[in-house]
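Notes follow the structure.
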Amino acid sequence: MYEVKPDILEISKALGEDTRFSIYREIASAGHPLTVKDLVARFGMHHSAIRIHLNKLEDARLIVSQKQHHPGTVGRPQLAFLPHPETLSITLPTRNYEFLSDLAMSLLQSGRGVDSAEGFGYDWGGAYVKKVNHGWDAPVPFDLAVDILIGELNSLGTSIEKSQTAEPAACILEQHNCPFLEVASRHQPIVCTLLRGVARGILEALTGAEVRWEHKSRLIDGDDACEVRVSLVDPALELAEPASLN
């Protein structure tokens with residue numbers, strides 16, 4: 001199950017009320033800051049009610065306020081409201097295009113070309129394990145290694161779930177909402193190939209063993225999910241002695 005982050009929950013709560021959503025949409029589409037007076041005129045509501053909605057939107061970091069003072073006028077500056085300058089993403093899962101673009105640019109800079117995308121992703125995954133190592137020692141048991149893989153990939157923007165199989169050292173990985181599907185549909189096979197290489201590189205660096213990847217279905221082909229059967233080529237390697245990743 002995809003875990004919704006607290007900031008996304010706050011955004012959902014803030015926009016879940018119809019009037020508040022309308023106020024946010026008005027501010028977001030205005031093209032210039034709006035004051036409480038502007039919003040009172042547009043919605044015909046008491047200024048106190050407008051302020052309550054604005055406070056909720058500010059708490060969720062959907063809008064920001066700034067002081068607005070017109071030359072030649074007296075009195076305290078008015079507060080005006082405009083959309084928060086940070087990019088808003090409330091898709092589930094969130095789209096981490098920064099990770100994907102960094103990966104793609106690194107591939108281009110390596111000079112290895114599209115044909116070597118999976119090998120590049122594999123090397124990147126192995127290097128990533130060493131970079132973020134939280135005290136893991138290879139070989140990590142297969143089930144734990146898969147859990148680590150899922151946690152690391154989901155932190156980078158994916159939404160992978162695991163289901164067990166009846167066989168030892170094997171599992172099914174599923175993704176029903178690919179965060180990179182829009183880009184992958186325009187740039188095949190590079191995106192899926194890169195990400196598959198990253199996943200293999202991470203898992204084989206953790207297990208210290210060759211891993212078999214068998215694709216059962218793909219969102220890019222119109223299936224309901226990306227489904228991969230992952231297993232150790234030689235399950236007996238689970239009994240190997242640990243060796244340092246460092």
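The values are calculated or read from the model by the stated rules, or taken from the named source; none is laboratory data. Every value quoted in this text rests on a predicted model; they were computed, and no experiment measured them. Cβ sites come from the backbone with ideal geometry, for glycine too, and all protein chains shown count toward neighbours.
Looking across VAL211, VAL228, VAL146, VAL183, one residue alone is closer than 25 Å to PHE120 by Cβ, out of contact with any Lys or Arg (no Cβ under 8 Å at 6 or more places or on another chain) and surrounded by 15 or more Cβ atoms within 10 Å (Cβ to Cβ). It is VAL183. Considering each residue of the range 154-165 in turn, at least one proves to be within 20 Å of SER101 (Cβ to Cβ), in the same structural domain as ILE202 (by TED's automatic domain parsing) and part of a helix (DSSP H, G or I). Cβ-Cβ below 6 Å, separation at least six or inter-chain, first residue in the range 201-221 and in the same structural domain as PRO139 (by TED's automatic domain parsing), second acidic (Asp, Glu): which pairs? These pairs meet every condition: VAL211/GLU204; LYS216/GLU227; SER217/ASP223; SER217/GLU227.
For (1) exposed (fewer than 13 other Cβ atoms within 10 Å of the Cβ); (2) hydrophobic (A, V, I, L, M, F, W, C); (3) at pLDDT below 75, each residue gets a yes or a no:
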position	(1), (2), (3)
HIS53	no, no, no
LYS56	no, no, no
HIS69	yes, no, yes
VAL74	yes, yes, yes
ALA80	no, yes, no
SER89	no, no, yes
LEU100	no, yes, yes
GLN109	yes, no, yes
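THR165 - would you say it is of a type in the set (Ser, Thr, Tyr) and either under 22 Å from GLY119 (Cα atoms) or surrounded by 14 or more Cβ atoms within 10 Å (Cβ to Cβ) (or both)? No. Looking across the range 199-229, the residues that are part of a loop (DSSP other than H, G, I, E, B) and over 23 Å from the mean Cα position of the chain (by Cα) come down to GLY208, ALA209, GLU210.
Can ALA49 be described as modelled with pLDDT of 75 or more and assigned to a helix (DSSP H, G or I)? It is true that ALA49 is modelled with pLDDT of 75 or more and assigned to a helix (DSSP H, G or I). Please specify each residue of the range 14-41 satisfying the condition of being charged (D, E, K, R), part of a helix (DSSP H, G or I) and exposed (fewer than 14 other Cβ atoms within 10 Å of the Cβ). Selection gives ASP18, ARG25, LYS37.
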